[in-house]
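Computed from the coordinates by the stated procedures, all read-outs in this text should not be read as laboratory data. These numbers were taken from a predicted model, which means no experiment stands behind them. Cβ placement follows ideal geometry from the backbone for every residue including glycine, while neighbour counts extend to all protein chains displayed.
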Amino acid sequence: MCGIVGFTGARSAAPILLKGLSRLEYRGYDSAGIAVLDSGVIDVEKVSGRIARLCEKTKDGAAVPGVIGIGHTRWATHGAPTDLNAHPHLSNDGRFAIVHNGIIENYLSLREELIADGYVFQSETDTETVVHLLEMYYDGDVLTAVRKTAARLEGSYALGILCTDAPDTLWVVREKSPLILGLGVGENFFASDVTALVSHTKNVIYLEDGEIAAITPQRAIVYDCTGREIRKDVSRVSWDVEAAEKGGYEHFMLKEIMEQPAAVRAALAPRIHDGQIRLDDFELTTEELRGINKIIITACGSAYYAGCSGRYGIERLCRIPVEVELASELRYADPMVDEHTLVLVISQSGETADTIAALKECRSRGAKILGIVNVVGSTIAKLADHTLYTWAGPEIAVATTKGFTTQLAVLYLFAVYASEKLGYIDDGRRAALIHELMELPKRIQQAIDMNFYQLPGLAKRYSSQSLFFIGRNTDYAVALEGALKMKEISYLHAESYAAGELKHGTIALIDEGQPVIAVCCNEAVCDKTLSNIVEVKARGAKVLALAFRDNRKIVSQADDVLFIPRIETVFTAALAVVPLQLLAYYAAKEKGCDIDKPKNLAKSVTVE
Ligand code: F6R
């Protein structure tokens, strides 16, 4: 849950590191630091708080000379976010500096051992054990010291290492945390994410677990864990630096909400040819599909809610039972999966620790794994038997928006594809569904346009310390995601409820003026939800409903209405969620919250 970056070349390192860190700040933002090697000495500058403070302290890097360095932005796990606990950490002899993303699980026993050997600790972090191990194992050969150190570590790590004896070389090693090398001309880089690299180079190498690299301005040499040099493919990043910038929007979140029509189009269009769906490397025969007797969808947070929503489409169209499980629960649940189970693992980042653990648990029991992932080359994409990328482009705001809707788009594609293979839909129905799918981007745009100007006012009117989001069936999945968006960026307590469940207890909480957001887009259950609206209104609630634009009944019952254009029922979530994203956005803006970096959160949740 941290970001690391490194540079070696002929340019001044500190400004490049600071710029890279600001692109990685979404990964963690409670403290930051850089270490730059100049004239045989490593200068470490670190602060608690945001990268802006580090820029201020170092005069945007001008106060830290040197052409090689490493940097870190932190989401604290071990030790409070103080200056001392911020990375980089130095060895006692000042020879090594390191930055770390991940968790060293055996750090306590290592710390005791190192203290007994006379090493002095400055911080409470797990990371500091690593730098002392490097000093302990160093006998003039950095590669050997890195290998011996890595062999002692349990947990996850992407480490960036600077050594005064190798003044133009950065060392990195990866285990279960992302690490990418960027190859420039006469200069090279490493980072936790390509967003920190694309302004310098689009040529990258994705490191695998256990790999070590030595990076000089001229080349990057990759070794396996035995120290044997290995050849790696160079990949080309397919998007431009503008995709990782705000492009005139006040916040990344707003930009990413507005990008949804294009992102959903990018997820759908390349997979539809001549009215047929093609799923990249996941082409299954009818026999193979018939052999699947259960689908499990597993994920965390919003990705889990995408699964809750996708489930309705898959069950309705494919008649295969679908269970949607929180990855953090599934991994400990002794799951009933076998070789006849298909597990859909959904993750924007592809690095979520619980999701990775659930994937491994299911695979060890013989299940086939299909990853639905945004970040190319991420751990889940690599571990899955097959991966369908969501092609949303970089998502920088911590709260996911286009990541979510593109996950839905891929789930819809899968549902229609499998339904046809299994013979549940004929050519006419398939053509109609594909037509509706291809209409999605346009209708998402309409859903934005139809509500955009009234949303700031509605957000003000419905902001309250406590909100309810209700809905049934596909609308319930939308309510879950709408409430999460509201909680995480506006810090307002929002509770989502299956509308029919209210009367079984929760309705006791409905009083005069209580805001209720009622999702009413699924026509099969709309009248039922309407009754629930009437019930809460009878108890004084103030109701903001979300419905298809020709739904007249809703206008007579709700206090306010957000409308979306009509679409095939199983695809409604991808439209309905959009006004709720904007509602949360404007509620947070009204409160003056830090929308792109909500408190206590980080984009990539690599802790369990
Ligand atoms: C909420 C949000 C999180 C993520 C969750 C899983 O806006 O972004 O709930 O959905 O942490 O992350 P990924 O999809 O990266 O596995």
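List of remarks:
- Relative to the dominant Cα principal axis of the chain, helix 572-591 is inclined by about 60°.
- Couplings for segment 319-335, taken from phi via the Karplus curve 6.51 cos²θ - 1.76 cosθ + 1.60 with θ = phi - 60°, read 6, 10, x, 10, 10, 10, 10, 5, 4, 5, 9, 4, 4, 9, 9, 6, x Hz in order; Gly and Pro are left as x.
- Peptides ranked, highest mean first, by Cβ atoms within 10 Å: ranges 31-37, 150-156, 568-574: 31-37, 568-574, 150-156
- Relative to the dominant Cα principal axis of the chain, helix 13-24 is inclined by about 20°.
- Value of Rg/Rh across the chain [Cα atoms, Kirkwood radius]: 1.00
- Per residue, the chain reaches -11500 deg cm²/dmol at 222 nm when only DSSP H runs of four or more residues are counted, each adding -39500 (n - 2.57).
- Among the listed pairs Lys255/Lys599; Lys382/Lys603; Lys485/Lys542; Lys442/Lys487; Lys246/Lys360; Lys255/Lys542, a Cα-Cα separation exceeding 25 Å is found for Lys442/Lys487; Lys246/Lys360; Lys255/Lys542.
- Annotation for segment 461-489 versus segment 126-152: alpha-carbon center distance of 49 Å.
- Note on the chain: antiparallel DSSP beta bridges, both residues inside, total approximately 60 percent of the bridges counted.
- Charge-dipole axis of the chain as Lys and Arg at +1 and Asp and Glu at -1 on Cβ define it, positive-most pick from Gln348, Ile470, Ala14: Ile470
- Among Ile230, Ala244, Leu370 the positive-end extreme of the charge dipole of the chain (Cβ point charges): Ala244
- Ranked by the mean number of other Cβ atoms within 10 Å of their residues, highest first, the peptides 107-119, 88-100 fall in the order 88-100, 107-119.
- Packing-based ranking, highest mean first, of 499-511, 479-491 given that Cβ atoms within 10 Å are counted: 479-491, 499-511
- Extension gain, Lys148-His78: 0.36 nm per intervening residue step, less the Cα-Cα distance, totals 22.9 nm.
- Rounded to whole numbers, the Karplus 3J(HN,Hα) couplings from phi for segment 426-434 are 8, 4, x, 5, 4, 4, 5, 5, 5 Hz, using 6.51 cos²θ - 1.76 cosθ + 1.60 with θ = phi - 60°, and x at Gly and Pro.
- Taking every C-alpha pair closer than 8 Å and separated by at least 6 residues, the mean separation divided by the residue count of segment 3-240 gives a relative contact order of 20 percent.
- Backbone amide hydrogens, once placed in the peptide plane, bring Glu323 within less than 5 Å of Ile295, Ile296, Ile297, excluding anything fewer than 5 places away on its chain.
- Computed on the chain, with alpha-carbon pairs under 8 angstrom and 6+ residues apart, the relative contact order is 12 percent.
- Helix 142-152 vs. the chain, principal-axis angle (Cα, 0 to 90°, nearest 10): 50 degrees
- Under a model in which nothing but the beta-carbon of Lys, Arg (+1) and Asp, Glu (-1) is charged, segment 455-591 shows a dipole of about 240 debye around its Cα centre.
- Rounded to the nearest 20 debye, the dipole size of the chain about its Cα centre is 1600 debye, using +1 on the Cβ of Lys and Arg and -1 on the Cβ of Asp and Glu.
- Computed lengthening from Thr286 to Arg549, 0.36 nm per intervening residue step minus Cα-Cα distance: 90.8 nm
- Sequence-ordered 3J(HN,Hα) estimates for segment 535-549 from the Karplus curve with 6.51, -1.76 and 1.60 and θ = phi - 60° stand at 4, 6, 5, 4, 9, x, 5, 10, 10, 9, 9, 10, 8, 4, 5 Hz, glycine and proline given as x.
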